[in-house]
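Working notes, beginning with the structure itself.
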Amino acid sequence: MKVFRGIPSSSGIAIGHALPLKGTGFNIKRAHAGEKELEEQIVLFQKAVEKTKRELKKIKNTVRHEIGIEESAIFDAHILLVNDPNLVEKAIKNAREESVSIDYAFTETLNSLVQIFENMPDEYLKERANDLLDVGKRILKNYLGIQMAPELAGDHTDLIIIAHNISPSDMVELGKKRIGGLVTEVGGTTSHAAIMARSLEVPAIVGVSNILSEVRPDDLIIVDSNSNRVIIDPDEETVKAYQTLRREYVRYIKSLEKLRNEEAVTRDGKRIKLEINMELVNEADLVNSYGADGVGLFRTEYLFMRNILPTEEEQAETYQYISQIIYPKEVVIRTADLGGDKFISHFEVPKEMNPFLGLRGIRLCLEYKDFFKTQLKAILRASKLKNIRIMFPMISGVDELRQAKAVLGEAMDELKERGTEFDEEIKVGIMIEIPSAAVISDILATEVDFFSIGTNDLIQYTLAVDRVNEKISYLYNPIHPAILRLIKMTVNNGHQNGIPVAMCGQMAGMAEYALLLIGMDLDTLSVAPSNLLEMKKIIRAVEYDKCKQIVQSSFQFNDVHLISDHFQRYNKEYLSGILFNYGKEGANE
Ligand code: PEP
Ligand code: MG
């Protein structure tokens, strides 16, 4: 029995058998092919290529209808790759020149192209290696006339896919009904595979280093995303325990559904807005299905992570769609927060030493003003129902905010000139995610309509801990006294200036911090959809006044461990009776 840990990306518990996916998954050996034989192979191969294009178009249409336009764009890119002369044509040419079988020549051509992409310094282009591999596998599958993973025919909810990385198209194909869980060696919670896994509600843990070399096909695997564990070859006792745990967890999740139509209000009557964070357009439906108060953060970056940037028209359509689906509830559209760890190949930004401290978020938008203004015009055009708010990320000071607002002013003027209708009173807010912004939040509060605290970055920048570096993750602590002071300061400054303060970082949806967040007097918590009902359950079970006292008394401690003990004590008292397995060994880690 071996236990691995990674980054839990989609909650739940899965028990099943391993299906490791390695490389193209095909074992193709060098084989000589005579002229006539080769020409016959090439005819079949070209048929496979055509079939692949048809399949990709079909997947694209399915994704477009069931998930969203921008998610489907990835398959446009795949179709382009199939047509790329450096792939198919080159493979045919190589096969003829070397008199080798077409499948061998194709595999070699594919592998060398993949290697070229993998060695590129640009993260976005590096990612394209996976797309290429995905397309190549599909062509080979069609040529060889075999299933990509024959084991997957039919319903196999007991299969756990273990891959170095998994392509979005494989993820769509595997789908919810067909696989039980997903484990990948690379990727963060924002990787395509993680996003798709969440959409499909498949328990997933990504970033599990070196697991592929430890797992054999059919090994029994447990994926417990709730406690961040991948267990290979568990003993009988562990399997039994997990079978029971899984049954109980499913019952627990089901039991939360009855809270959908209840208000997020404490026992002593304090109403806290509970909203969702969304990355994919189709997640807008979840506002209604989870009974959320709105969308507290729409991360628009994903609209731009495609080969061709979406036009103003296309963006406006997307924003309008969300606005209509959730109306009369509100959506906070965050302008593109590209840069940092998010690919930006459309802009010629030189490689940076410290991308998280570089041209990211609002800085990039102010540098590429046309791109920024196009997004702002699209948001404004979609704002006729008056339920859209605009939020700028990565604001570090007043000057930057004023520049961003000036571009918004220009966007408004241009729309007026065109005679386009929009919400002229649209609310404008900022993320408080850079320490300088929190420190001057009294000044910033006089120039915006709302704040939203982005703890993911606020913690990284305040404590100087890279949020994606697992080696120093022990320092990444949301309850460091410096973080608590900055949150409190931001809330106070916002309220003193009469504006609401939300939190949309991951901390906002973590049950262990719920008492702290309620007591900190945040007006809105914007959380991952799957965390929403649990947070509602906690809010409804506690008293605001008590939470305030707990927070107040936490300020007497100057050490992280003492603060942690303090909250743990109250968490035990309030949460262990109402949350799944709370406080039990191994859970909620
Ligand atoms: C944050 O920084 O907390 C946040 C919500 O934004 P992102 O995670 O997209 O940087
Ligand atoms: Mg952020």
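Derivation of every value follows stated rules applied to the coordinates shown; laboratory data play no part. For clarity, every value in this text was computed on a predicted model and none was experimentally measured. Using ideal geometry, Cβ is built from the backbone for each residue, glycine included, and neighbour counts are taken over all protein chains shown.
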- Message: Which one, V250, V287, V230, projects farthest toward the positive side of the charge dipole computed for region 194-289 from Cβ point charges (K/R +1, D/E -1)?
- Response: V287
- Message: From the helices alone, meaning DSSP H stretches of at least four residues, give me the mean residue ellipticity at 222 nm for the chain, per-run term -39500 (n - 2.57), in deg cm²/dmol to the nearest 500.
- Response: -15000 deg cm²/dmol
- Message: Per-residue counts of other Cβ atoms within 10 Å, averaged by peptide: what ranking do you get for 109-122, 66-79, highest first?
- Response: 66-79, 109-122
- Checking rank on 381-391, 132-142, 551-561, with mean other Cβ inside 10 Å and highest first, the result is 132-142, 381-391, 551-561
- Order of E534, E97, E89 from fewest to most other C-beta atoms within 10 Å? E97, E89, E534
- Item | Cα-centred dipole magnitude for the chain, charges only on beta-carbon of K, R (+1) and D, E (-1), debye, nearest 20 | 940 debye
- In debye, nearest 20: dipole of region 1-148 around its Cα centre with unit charges on the Cβ of K, R (+) and D, E (-)? 520 debye
- Message: Can you give me the long-range amide H partners of M391? Hydrogens built in the peptide plane at 1.01 Å from N, cutoff under 5 Å, separation of 5 or more residues or another chain.
- Response: I333, R334, T335, G429
- Per 10 Å bin, what percent of the C-alpha pairs of the chain does each bin hold, from zero upward? 3, 16, 25, 26, 18, 8, 3, 1, 0
- Pick out, from T462, A73, L517, the residue whose Cα sits farthest towards the positive end of the charge dipole of the chain, with +1 on the Cβ of Lys and Arg and -1 on the Cβ of Asp and Glu. L517
- Note on the structure: HN-Hα couplings for region 333-339 via Karplus (6.51, -1.76, 1.60; θ = phi - 60°), in whole Hz with x for Gly/Pro, come out as 9, 8, 5, 3, 10, 8, x
- Query: So how do V398, V43 line up by other beta-carbon neighbours within 10 Å, fewest first?
  - Reply: V43, V398
- Task: Would you please classify the overall shape of region 518-589 from the alpha carbon gyration tensor, given that a ≥ b ≥ c denote the square roots of the eigenvalues, rounded means a/c under 1.5, and beyond that prolate means a/b larger than b/c while oblate covers the rest?
- Result: oblate
- Query: With the Cα gyration tensor of region 340-410 giving a ≥ b ≥ c as the square roots of its eigenvalues, does the rule (a/c under 1.5 for rounded; else a/b larger than b/c for prolate; else oblate) give rounded, prolate or oblate?
  - Reply: prolate
- Of all DSSP beta bridges with both partners in the chain, the antiparallel percent, nearest 5, is 30 percent
